[in-house]
C-alpha cells in the first residue's frame with residue numbers, strides 16, 4: 001500500500017500489450033493509485049496533456065511512435081515537461097537505456113517486471129516530484145517578496161496588491177510564512193523613552 005500523501009497520485013500507463021496493461025492497472029489500482037491507460041504514443045500524448053498525470057509509465061516498443069519519441073514530445077510540451085517518465089522495456093542493451101535517459105526519461109523498469117520494484121520506483125519518483133513542487137512553491141513565495149514593493153517614506157507602510165496601504169509586517173505575513181516578534185531599537189528608546197536611555 002502507498003502512503004496517504006500519494007493516494008491522490010494519477011499515473012498514466014502506456015503499453016500496446018493489453019495483458020501488461022491490465023496487470024499494471026490491477027496492481028496499481030489495488031495499491032491505491034488512480035490509473036489512466038493509453039495503448040500507443042499518440043494516445044499517451046493526448047491523455048498526458050488533458051489529464052496532467054503525476055507520473056507516466058511508458059513502454060518503449062510500440063507501433064507508431066515509439067516510447068523514446070513519445071518521451072521527447074512530452075518533454076518538449078510545456079504542459080507535460082515536468083512529469084517524471086519511467087520506461088518499461090525488455091531492451092537490456094546499455095545504449096538503449098542511455099537513449100531513454102537522453103530522451104528525457106527519469107528511470108526504467110526491465111520487463112518482465114516485479115510488482116514490488118514497480119511500486120518502489122513509482123513511490124520514489126512521486127515523492128521526489130512532490131518535494132520539487134513544494135520547493136517551487138516556496139521559491140515562488142520568495143520571488144513575490146523580492147520584487148519591487150512600494151513603501152511610504154514617512155510611515156513605512158507598504159501598498160499591497162489591491163492598492164491599500166498596510167503595515168509592513170501585515171504585508172509580509174500575508175505573502176509568506178514569516179512570524180514577527182517585536183522589540184525596540186536604541187534610536188527609538190532615545191526618542192520615545194529618553195528617561196531610560198543612557
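Can you confirm whether residue 77 is closer than 23 Å to residue 24 by Cβ and exposed (fewer than 14 other Cβ atoms within 10 Å of the Cβ)? Spelling it out, it is not the case that residue 77 is closer than 23 Å to residue 24 by Cβ and exposed (fewer than 14 other Cβ atoms within 10 Å of the Cβ).
Could you please let me know if residue 61 is in contact with a helix residue (DSSP H, G or I) (Cβ under 8 Å, 6 or more places away or on another chain) and under 26 Å from residue 131 (Cα atoms)? Against the criterion (in contact with a helix residue (DSSP H, G or I) (Cβ under 8 Å, 6 or more places away or on another chain) and under 26 Å from residue 131 (Cα atoms)), residue 61 does not qualify.
When restricted to residues that are surrounded by fewer than 18 Cβ atoms within 10 Å (Cβ to Cβ), in a helix (DSSP H, G or I) and in contact (Cβ under 8 Å) with a residue 60 or more places away in the chain, segment 83-122 contains 2. Taking the listed residues 100, 104, 41, the one that is on the phi > 0 side of the Ramachandran plot and in contact with a strand residue (DSSP E or B) (Cβ under 8 Å, 6 or more places away or on another chain) is 104, with no other qualifying.
Do we have any residue at all in segment 148-169 that's part of a helix (DSSP H, G or I), surrounded by fewer than 14 Cβ atoms within 10 Å (Cβ to Cβ) and not assigned by TED's automatic domain parsing to the domain that holds residue 25? Yes, the conditions are met somewhere in segment 148-169. When each of 24, 74, 28 is tested for being outside any strand (DSSP E or B) and either at pLDDT 95 or above or more than 25 Å from residue 116 (Cα to Cα) (or both), the lone residue that passes is 74.
The values are calculated or read from the model by the stated rules, or taken from the named source; none is laboratory data. Please read these numbers as outputs of a predicted model, since none were measured by experiment. As a convention, Cβ positions derive from the backbone with ideal geometry for all residues, glycine included, and neighbour counts pool all protein chains shown.
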